[in-house]
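Below is one structure, written out as C-alpha cells; comments come after it.
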Ligand SMILES: Cc1cc2nc3c(=O)[nH]c(=O)nc-3n(C[C@H](O)[C@H](O)[C@H](O)COP(=O)(O)OP(=O)(O)OC[C@H]3O[C@@H](n4cnc5c(N)ncnc54)[C@H](O)[C@@H]3O)c2cc1C
C-alpha cells in the first residue's frame, strides 16, 4: 500500500526543524550571506535544540534518523537557507564515513568529542587535480610504525577551517593508485595542517570552504576508517546516502522561492489587475509548483529505496540529486522573473536563493557526474 501521508513522528520532525528554521535561520540568512562567516551562534543553537547530527545513533547523542527522516530535516533547513543548512549538513557528510566504516571504539571516541565540544567536521575528498575524477587523488598517507604520514593538498573543503575533525581520503600506496585510497579521521589541529585560503563565492555564502595543505601530518592508525584500500567504496557509499539530502534541501530552497514570489505576485498590480491574472505569470507559477512536487516525490522514493535496502538506491539517489537541484535552479530563476526588478534586488530573498541554487548543481558530484551514475546503471 502506497501512502504519501507523513506519520505523526515524521510530522514532528518537520515541525521541529521548521520551527528552528523560522527562529534561527530565516532572520539571519541575509546577514550571513552578506558577511560570509560561519554561523557559529546558529550551529550552537542547533546543538542546544538537538537539530544537528540527526543521522548519528541515539546512543551517541544523535537522532538516529534514516535517510527519509534526514531528508525531511534537510528540506526544512533548505527552506530557510541552503548556505546555513550546509554548515550543519556538511558535518553530517563528513561523519557519514564513520557510520559506514567506524568501529564502536572509534564512534564512541569521535562522536563523544564532537558532541561535547558542539563541533563540526569537514569532508576532504576534492583536490586541485581531482574533482569529478576521484581517481586523480594524489594525497598520500604512508604507514610508518603505528602512524600514517599524510602529505597532499585538498581544495573546496566545506567547514575546513572551523572543523574539529577532517575526514581525509588519501593513497596508502601511490603505485596502486585509487585502489589504495583509504579514509582517515584527522584532528584538524594536528601539526602540519595549513588552511591556505578561503573561497570567495557566489552563493551559500554562510558556509566556508578552504584549500588545505597537509605536510607530514601524523595520523594514528586508530583513526583509519575500515581497511586500507576501502576509501573509494566509502566515498561512493557516502554519496549514496547524502545526495538525497542535498536534493531535499534543494526542494526546500525552491519551495521558499516559490512561496515568496507567489505572495508578492498576488499583490502586484499591472494593467489594472494582480499579475497573477496574467496567464504568462500564473502558468509560470503552476510549472514551479508542479516541478517542486515532482522532485519531492523522487526524493522520497530515493530515500525509501535506501532505507529499505532496494538494489537501485544508488541510481535513485543520483537521479533525485540532479532532478531536484536542476529544478531548484529553474524555480529560483523563475521566482526572480515573476517579481521583475524587485526580484533582482536584495530587498527580497529570491536573488540569494537563485545564487544558492547554483552551487547545489556542482557539489556532491556535479549534475553531469550524477547523470553518468544513472546512465551507467540504466545501460549496463
Ligand atoms: C562551494 C563548494 C563546496 C564544496 N565542498 C566540498 C567538500 O566539502 N568536500 C569535497 O571534497 N569537495 C567539495 N567541493 C568540491 C566539489 O565536489 C567539486 O567542485 C565537484 O566535484 C566538481 O569538481 P571540479 O570543481 O574540479 O570540476 P571538474 O571535475 O573540473 O569539472 C568541470 C566540468 O566538467 C564536467 N565533467 C567532469 N567530468 C565529467 C564527465 N565524466 N562527464 C561529463 N562532464 C564532466 C563537470 O560536470 C563540470 O561541468 C565543493 C565545491 C564547491 C564549489
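Each reported figure results from applying straightforward, stated rules to the coordinates on display, with no laboratory input. Not measured: the values here are computed from a predicted model. As a convention, Cβ positions derive from the backbone with ideal geometry for all residues, glycine included, and neighbour counts pool all protein chains shown.
Some points to look at:
- Distance between the 7 Å Cα→Cβ label points at residue 34 and residue 282: 3.8 nm.
- Using a Förster distance of 30 Å, the FRET efficiency for residue 311-residue 8 (Cβ separation, nearest 0.05): 0.45
- In the chain, the longest principal axis of the Cα atoms and the axis of helix 279-307 are about 30 degrees apart.
- As a rough footprinting exposure proxy, the listed residues 251, 196, 43 were ranked by other beta carbons within 10 Å of their own, and the order from fewest upward is 196, 43, 251.
- Spin-label model, residue 270 to residue 344: label points 7 Å out along the Cα-to-beta-carbon direction sit 1.2 nm apart.
- Between 0 and 90°, nearest 10: helix 350-360 axis offset from the chain longest Cα axis: 30 degrees
- Stretch gain in nm, segment residue 59-residue 215, where the contour uses 0.36 nm per residue and the Cα spacing is subtracted: 52.6 nm
- Approximate spin-label separation residue 144-residue 106, in nm, with each point projected 7 Å along Cα-to-Cβ: 2.2 nm
- Rounded to 10°, Cα long-axis angle of helix 82-101 versus longest principal axis of the chain: 40 degrees
- Computed Rg/Rh of segment 235-379, alpha carbon atoms with Kirkwood Rh: 1.07
- Highest mobility in the GNM of the chain, judged by mean-square fluctuation with C-alpha springs under 10 Å and restricted to 267, 210, 367, is found for 267.
- The Cα center of segment 31-61 and the Cα center of segment 192-210 differ in position by 18 Å.
- Footprinting exposure proxy ranking of 363, 123, 17, fewest other C-beta atoms within 10 angstrom first, gives 363, 17, 123.
- Most fluctuating residue given options 94, 318, 294, as computed from a GNM of the chain linking Cα atoms under 10 Å: 294
- Separation of alpha-carbon centers, segment 231-301 and segment 341-380, rounded to whole Å: 12 Å
- Subtracting the Cα-Cα distance of residue 301 and residue 198 from 0.36 nm times their residue separation leaves 33.4 nm of extension gain.
- Taking the number of Cβ atoms within 10 Å of each Cβ as an exposure proxy, the fewest-first ranking of 300, 40, 24 is 40, 300, 24.
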